[in-house]
Number of protein chains: 4
Amino acid sequence: MSQIIKAGLVGVTGYTGMELARLMVHHSSMELVKATSRSEAGKTLAQIYPFLNRLPLGDLVITQPDPADLAECDVVFLAVPHKTAMEIGSELLEAGVKVVDLSADFRINDKATYEAWYKVEHTRAHLLGEAVYGLPELYLDKIMGARLIANPGCYPTSAILGLAPALKAGLVETGDIVIDAKSGASGAGRGAKVGNLFCEVADSFRAYGLPTHRHTPEIEQEISKLAGTDITVSFNTHLLPIDRGILSTIYTRLKSAATVEQVHEIYTEFYADKPLVRVLPLGQLPETRHVRGTVFCDIGLVVDPRTNRLIVLSAIDNLCRGASGQALMNANLICGLDLDEGLPMAPMMP
Amino acid sequence: MSQIIKAGLVGVTGYTGMELARLMVHHSSMELVKATSRSEAGKTLAQIYPFLNRLPLGDLVITQPDPADLAECDVVFLAVPHKTAMEIGSELLEAGVKVVDLSADFRINDKATYEAWYKVEHTRAHLLGEAVYGLPELYLDKIMGARLIANPGCYPTSAILGLAPALKAGLVETGDIVIDAKSGASGAGRGAKVGNLFCEVADSFRAYGLPTHRHTPEIEQEISKLAGTDITVSFNTHLLPIDRGILSTIYTRLKSAATVEQVHEIYTEFYADKPLVRVLPLGQLPETRHVRGTVFCDIGLVVDPRTNRLIVLSAIDNLCRGASGQALMNANLICGLDLDEGLPMAPMMP
Amino acid sequence: MSQIIKAGLVGVTGYTGMELARLMVHHSSMELVKATSRSEAGKTLAQIYPFLNRLPLGDLVITQPDPADLAECDVVFLAVPHKTAMEIGSELLEAGVKVVDLSADFRINDKATYEAWYKVEHTRAHLLGEAVYGLPELYLDKIMGARLIANPGCYPTSAILGLAPALKAGLVETGDIVIDAKSGASGAGRGAKVGNLFCEVADSFRAYGLPTHRHTPEIEQEISKLAGTDITVSFNTHLLPIDRGILSTIYTRLKSAATVEQVHEIYTEFYADKPLVRVLPLGQLPETRHVRGTVFCDIGLVVDPRTNRLIVLSAIDNLCRGASGQALMNANLICGLDLDEGLPMAPMMP
Amino acid sequence: MSQIIKAGLVGVTGYTGMELARLMVHHSSMELVKATSRSEAGKTLAQIYPFLNRLPLGDLVITQPDPADLAECDVVFLAVPHKTAMEIGSELLEAGVKVVDLSADFRINDKATYEAWYKVEHTRAHLLGEAVYGLPELYLDKIMGARLIANPGCYPTSAILGLAPALKAGLVETGDIVIDAKSGASGAGRGAKVGNLFCEVADSFRAYGLPTHRHTPEIEQEISKLAGTDITVSFNTHLLPIDRGILSTIYTRLKSAATVEQVHEIYTEFYADKPLVRVLPLGQLPETRHVRGTVFCDIGLVVDPRTNRLIVLSAIDNLCRGASGQALMNANLICGLDLDEGLPMAPMMP
């Protein structure tokens, strides 16, 4: 009989920390044995998250984020801001612990690009070569052998999965890609800011951060690899009055005329052996609720012959597939478990 | 090795049918082998519920509700309107199938009371004596031996669980109970009515059905049994602009002064061996999101010495604990499985 | 031709300040000439409230809250926290300016009661006798002659208007009143707190502050006057996932049996000459959206002969009738204008 | 002293009819004297719209849509489906009544194009030449002299106003325009359809109707006129879980490099004398709530030098500026009143 894998979580108080706690309740091969928070240390998880009352994880006592203390874990999730993550991540690796970093610190291969977009110095650049970008549909084998995972950003996950088959097949012009992305409010984090109050978000809709969202270089890096050429995208983000969910509407121009059936075949083939991406039947378009609480990425395809465009609609749950659920997929893989172990498959509907 | 239990579902197109489909995805000892709908027969589940794409249940073909066809099931869930339920339920019992009826048809022990509140004739009254009211915290043993379960209503589940310890212990006056209940919009069903449109429900709040909601006699029947005396309650309902969730604020008057600590002890003791009811620590009050998607009932207790009132707050998910999740608890029990088998424990947060 | 009345607003950055700015756009006899904020002084209103772009008020420059500077106003609205309000209010009165205080500082007639519930010393108690409780349906004449208005709280406005006719007519037992009140999130203010974030409020419902909400003594004071006897109420509050709106469900017990028609007649007569309270036709129940953005109070009546209860449903917009709109009604009156001048009459629907 | 203008409304039960009733409450120079509905004739407006209780319009009795009966009106609004509108509109014109048609029937200049997109025969094509497209920022003079107004669609209003200055100035490539539009649920109408239920729309987001939304030819017709050349656009629509509001994110490619300041100057100049379009200060982006309940169109500008794109964000209230508010602007103009008479200027915030 196999042993339970011991997991740690640095930064339990944000929405990604909360989501990881939620997912861990159902995992039978991995147990959360450490959860840290500078501000909440000493309390149990159920005290800060009453939804965990009478559940096993509810009694776990939150501790200070001490690498020595975390060294007993097999794998540690970092749900802390960038810059903080690179430091503690590096210490944990030295202590022999595998790391899944949910921040942006190890996602950008190029130190200068990272520093230009994130406005901080990268002090652990020697690890950039080793870190594996944790998108299992693209890097399954590498992930299985890794000890440091750069867990993808939420927007990049939806954008890259939406574009991968088209770019790999050379279907679309690489110089004319527009990604119009919309995200639920949990993507803005759990910080106490006026802009995130219920009355500032509910019953409204707005764009934000145009045209320099920090997820841009991450998207460009990965889709350039897929296309085999450098791509610059127009990536633009909006705030939805919903808790969870990203829908990216991706506008591309077909290199040559193609029917939607032809495109659909390319996509279904690409994801045939990747069950967590669901290329929808023709005529169906994704809805964020259809992936709510799960790691599914739902993809819908539209070809507009009037403008010769292929429009890809890609929906994920930003907290689950876009953060903690994908982190758990990666942790599963680097610990020798099945990709989807412990993960909820049935979306919350309605 | 034990055999998989075969389950059927009559009426798959409403929200309770949808919820049962969602829950079945994660059940490893029971399989949905039949799902019926007069209007959607011939389609697969994934065609009407795209959230089931690439999941095992997605390929199940919907059939017409034919009792002969359903006779191969070990247990059948009835998610159809009252009156229809009593008829098909009776036929299924004769065919040797166990039945969990989500309608009101077998909840009221007294034929005349049923007919007075539901305005239809009860044509299967001979089964009323046999039907077991499916609230496991009160009737666990009876349920385990039953072949016909009257699955409780959503409001009654929250009200009865909230009042049971106080009434059993004789804490409160039985002549002065007010239940102010608030429900999410899925409780109104999936019928195409103007009053249930997004723009009629969102960003608003209203009471409805006062003072004669049909769940009144069901609540009175069960709490009268608990108290050992006939109780008439003031039960009043409101519509919340949320998908799921009921919060009942229950006002009672203490027979004699008691501290909230004393009341809390009575409640925790009552539910000590019933893990799906969570009596919250003093100072915490329930939130509907903390039970979202689960069968938990969360109970908060307040004693107001100024008015000598005990106020009980009771939260459930109306679709899960208030309907399909509780139906599955009952089906588990009558099929010899554990009460919570296959049920999600971790609420969807946020 | 009459002169434009000059108004000032101390505290423009909260939701009540924002609401007053919104209402002032449409007032042709009163002009907002001063708006203050410690944190935003120097900016224009349109800079902090882009919804005022290209509107006359948009160019008003926010200033520091200096009483000398405000002395040019005919009337000043105080939209600041309690304690701060009593101090600046007292200074303004001395400078000859009329004051409408939206805080609780002058609402409670009894100094000791105020201090017991608000946990601060009342340093301007000499003004308590002069301050008029600004509920025009009860104190129209007094308000017209006042120079200091204690603008009612949001919950008290809905509760008192809902109970007034019944108590005045001696219809109900005064010892058995329960007010179950539900409010939109703007009632919690615009402070940056985690508990008010979109993801903490949306798609959920909860009670809070039980059983000692600070609006309790204010309600008890006013309904005791109406009844001519001291009343203790059970007043309990809940948080709705909507921006605006309060619905209070008020449970009372009839002294003797009465039909709903009889009660309805008493209510319609009471409010016959008070057009801003709408006693709904029998069979209709209020909805918060039907008063959204207006100063209407909508009242629905239910008599339950089974329990001999009169249930009153009272809906207002917490920001408008419950705060800034009522403040403007009061300012109109003390400045010699019509009660409803400048106020929007048509609710935002949907 | 001028006479009150008599207005009629054909089709009062939908959201555009409801919105027109709301707006008419505040109009002092125009009075709604006729409101028709086949299904609700005989009731008062307040009976179907309780928000009109105790307001003047509340007592208006709904009648059957009889052209002879409507002939006493100076102007009639048609809030009925296309095809029905052309028929009744034609009869009213013959009776000497001015008509503002909110349907699509007279928007498309070319009969064949109309019939291709709307799949019905245009039986009143002789009126197409006379009908004036009711976008006052483009056709003010023509509208003032018209007797038949084709009131613009909601999406086209936001798209055309967003593109007009850029196209008129020849700033952008006409062959590479993508309009990614998002609308609140009231845009789907008040029909009782499962897809519009609260539980199907709330807490979710989806695209719909791609790539052949019927507003496409209307947009192309008007922007082609502005550009002086035929334009084909990629126009794509999404459903927001909000009541009101459209935000269009419009992607264009600059013909030659330009700074955002240069573009901003072109836009502010274009709209300098058109106060109902608000070109936001640089750095601000529009939010649908900032125009809620008003006829404002808010425009934000972004230039992305990395991709050489001009991104225009254009926000309106789909029911007000996108339908009934603009209809009232047009009615004002054809009746000799000021453009904004009777219209609310202050958005509902929050």
**OP:** May I ask you to list the residues in the stretch B:173-232 that are among the charged types (D, E, K, R), within 9 Å of chain C (Cβ to nearest Cβ) and assigned to a loop (DSSP other than H, G, I, E, B)?
**Re:** B:Asp176, B:Asp203
Original post:
List pairs: first in the stretch D:39-62 and within 8 Å of another protein chain (Cβ to nearest Cβ), second assigned to a loop (DSSP other than H, G, I, E, B) and aromatic (Phe, Trp, Tyr), Cβ under 9 Å, 6+ apart or cross-chain?
Top reply: D:Phe51/C:Phe296; D:Asn53/C:Phe296; D:Arg54/C:Phe296
**OP:** Could you pull out the residue among B:Leu276, B:Leu328, B:Leu333, B:Leu280 that is within 14 Å of another protein chain (Cβ to nearest Cβ), out of contact with any Ser or Thr (no Cβ under 7 Å at 6 or more places or on another chain) and farther than 22 Å from B:His215 by Cβ?
**Re:** B:Leu280
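Could you check the stretch A:117-146 and list, in sequence order, the residues that are over 22 Å from A:Met329 (Cα atoms) and in contact (Cβ under 8 Å) with a residue 40 or more places away in the chain? Quick ask: steps written out before the conclusion?
In the first step, residues of the stretch A:117-146 are kept if they are over 22 Å from A:Met329 (Cα atoms); the result is A:117-126.
Residues satisfying the conditions are A:Trp117, A:Tyr118.
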Subject >> Among the candidates D:Asp317, D:Asp338, D:Asp298, residue that is open to solvent by 10 Å² or more (accessible area, probe 1.4 Å) and at pLDDT 95 or above >> reply: D:Asp338
**OP:** Taking the options D:Ala146, D:Ala166, D:Ala159, D:Ala150, name whichever one is of a type in the set (A, V, I, L, M) and surrounded by fewer than 24 Cβ atoms within 10 Å (Cβ to Cβ).
**Re:** D:Ala146
**OP:** Have a look at C:Val194, C:Val201 and point out the one that is without any contact (Cβ under 8 Å) to a residue 12 or more places away in the chain and of a type outside the set (S, T, N, Q).
**Re:** C:Val194
Subject >> Subset of the stretch B:253-294 [under 19 Å from B:Ile316 (Cβ atoms) and part of a strand (DSSP E or B)] >> reply: B:Val277, B:Arg278, B:Val279, B:Glu287
Original post:
Among the residues of the stretch D:234-244, is any among the hydrophobic types (A, V, I, L, M, F, W, C), more than 11 Å from chain A (Cβ to nearest Cβ) and within 30 Å of C:Arg292 (Cα to Cα)?
Top reply: no
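Okay, residues lined up against (1) surrounded by 21 or more Cβ atoms within 10 Å (Cβ to Cβ); (2) modelled with pLDDT of 95 or more; (3) farther than 30 Å from D:Pro350 by Cβ; (4) in contact with an Asp or Glu (Cβ under 9 Å, 6 or more places away or on another chain):
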{"site": "B:Leu197", "(1), (2), (3), (4)": "yes, yes, no, no"}
{"site": "B:Arg206", "(1), (2), (3), (4)": "yes, yes, no, yes"}
{"site": "B:Pro211", "(1), (2), (3), (4)": "no, no, yes, yes"}
{"site": "B:Arg214", "(1), (2), (3), (4)": "no, yes, yes, no"}
{"site": "B:Pro217", "(1), (2), (3), (4)": "yes, yes, yes, yes"}
{"site": "B:Gln221", "(1), (2), (3), (4)": "no, yes, yes, yes"}
{"site": "B:Ser224", "(1), (2), (3), (4)": "no, yes, yes, yes"}
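Report yes if some residue within the stretch B:137-145 is of a type in the set (Asp, Glu) and within 14 Å of the chain's Cα centre (by Cα); otherwise report no. Talk me through it step by step, then tell me what you get.
First, the residues of the stretch B:137-145 that are of a type in the set (Asp, Glu): B:137, B:141.
If we keep only those that are within 14 Å of the chain's Cα centre (by Cα) too, we end up with B:137.
Yes, the stretch B:137-145 contains at least one residue that is of a type in the set (Asp, Glu) and within 14 Å of the chain's Cα centre (by Cα).
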**OP:** Sort out which residues of the stretch B:109-135 are farther than 20 Å from B:Thr216 by Cα, within 21 Å of the chain's Cα centre (by Cα) and crowded, with 17+ Cβ neighbours inside 10 Å, and write them in order of number.
**Re:** B:Leu127
Subject >> Subset of the stretch B:186-195 (residues that are within 24 Å of B:Ser324 (Cβ to Cβ) and either open to solvent by 10 Å² or more (accessible area, probe 1.4 Å) or in contact with a strand residue (DSSP E or B) (Cβ under 6 Å, 6 or more places away or on another chain) (or both)) >> reply: B:Gly187, B:Ala188, B:Gly189, B:Arg190, B:Gly191, B:Ala192, B:Lys193, B:Gly195
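Could you tell me which residue of the stretch B:3-16 is nearest to the other protein chains (Cβ to nearest Cβ), considering only residues that are under 13 Å from B:Val100 (Cβ atoms) and buried (at least 24 other Cβ atoms within 10 Å of the Cβ)? It would help to see each step written out before you state the result.
Taking the stretch B:3-16 and keeping what is under 13 Å from B:Val100 (Cβ atoms), we get B:5, B:7-11, B:16.
Narrowing the set further to residues that are buried (at least 24 other Cβ atoms within 10 Å of the Cβ) leaves B:7-10, B:16.
Numbers: B:Ala7: 15, B:Gly8: 19, B:Leu9: 15, B:Val10: 20, B:Thr16: 12 Å.
For the stretch B:3-16, the residue satisfying everything is B:Thr16.
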Original post:
Does at least one position in the stretch B:305-321 carry a residue that is more than 14 Å from chain C (Cβ to nearest Cβ), in contact (Cβ under 8 Å) with a residue 24 or more places away in the chain, touching an Asp or Glu at 6+ places or on another chain (Cβ under 9 Å) and not hydrophobic (A, V, I, L, M, F, W, C)?
Top reply: no
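Can you pull out the residues in the stretch B:108-137 that are outside any helix (DSSP H, G or I), out of contact with any Pro (no Cβ under 7 Å at 6 or more places or on another chain) and of a type outside the set (Val, Ile, Thr)? Explain how you work it out, then say what you get.
Here is the first cut: in the stretch B:108-137, the ones outside any helix (DSSP H, G or I) are B:108-110, B:119-124, B:128-135.
Now narrow it down to the ones that are out of contact with any Pro (no Cβ under 7 Å at 6 or more places or on another chain): B:109-110, B:119-124, B:128-132.
Within the stretch B:108-137, B:Asn109, B:Asp110, B:Lys119, B:Glu121, B:His122, B:Arg124, B:Leu128, B:Gly129, B:Glu130, B:Ala131 qualify.
If you take the residues in the stretch A:245-257 that are of a type in the set (Gly, Ala, Ser) and buried (at least 19 other Cβ atoms within 10 Å of the Cβ), which one is nearest to D:Phe205 (Cα to Cα)?
So the first thing to find is which residues in the stretch A:245-257 are of a type in the set (Gly, Ala, Ser), and the list is A:245, A:248, A:256-257.
Among the residues that remain, those that are also buried (at least 19 other Cβ atoms within 10 Å of the Cβ) are: A:245, A:248.
On the way: A:Gly245: 8, A:Ser248: 11 Å.
Filtering first and then ranking leaves A:Gly245.
For the stretch D:31-87, enumerate the residues that are assigned to a helix (DSSP H, G or I), more than 23 Å from C:Gly293 (Cα to Cα) and open to solvent by 10 Å² or more (accessible area, probe 1.4 Å).
Kept after step one, since they are assigned to a helix (DSSP H, G or I), are these residues of the stretch D:31-87: D:45-48, D:50-52, D:56-59, D:67-70, D:84-87.
In the following step, the residues that additionally are more than 23 Å from C:Gly293 (Cα to Cα) were identified as D:67-70, D:84-87.
Of everything in the stretch D:31-87, those that are assigned to a helix (DSSP H, G or I), more than 23 Å from C:Gly293 (Cα to Cα) and open to solvent by 10 Å² or more (accessible area, probe 1.4 Å) turn out to be D:Pro67, D:Ala68, D:Asp69, D:Thr84, D:Glu87.
Any idea which of C:Glu265, C:Glu287, C:Glu269, C:Glu261 is open to solvent by 20 Å² or more (accessible area, probe 1.4 Å), under 30 Å from B:Ile231 (Cβ atoms) and of a type in the set (Asp, Glu)?
Details: C:Glu265 fails: under 30 Å from B:Ile231 (Cβ atoms); C:Glu287 fails: under 30 Å from B:Ile231 (Cβ atoms); C:Glu269 fails: under 30 Å from B:Ile231 (Cβ atoms).
So the residue among C:Glu265, C:Glu287, C:Glu269, C:Glu261 that is open to solvent by 20 Å² or more (accessible area, probe 1.4 Å), under 30 Å from B:Ile231 (Cβ atoms) and of a type in the set (Asp, Glu) is C:Glu261.
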Subject >> Residue tally, condition open to solvent by 40 Å² or more (accessible area, probe 1.4 Å) and not in a helix (DSSP H, G or I), over the stretch B:88-102 >> reply: 3
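The values are calculated or read from the model by the stated rules, or taken from the named source; none is laboratory data. Note that the coordinates shown come from a computational prediction; the quantities given were computed from them, not determined experimentally. Ideal geometry is used to build each Cβ from the backbone, glycine not excepted, and the neighbour counts take in all protein chains shown. Accessible surface is based on the protein model in full, side chains and every heavy atom, while ligands, DNA and RNA are left aside. Shrake-Rupley method; radii C 1.70, N 1.55, O 1.52, S 1.80 Å.
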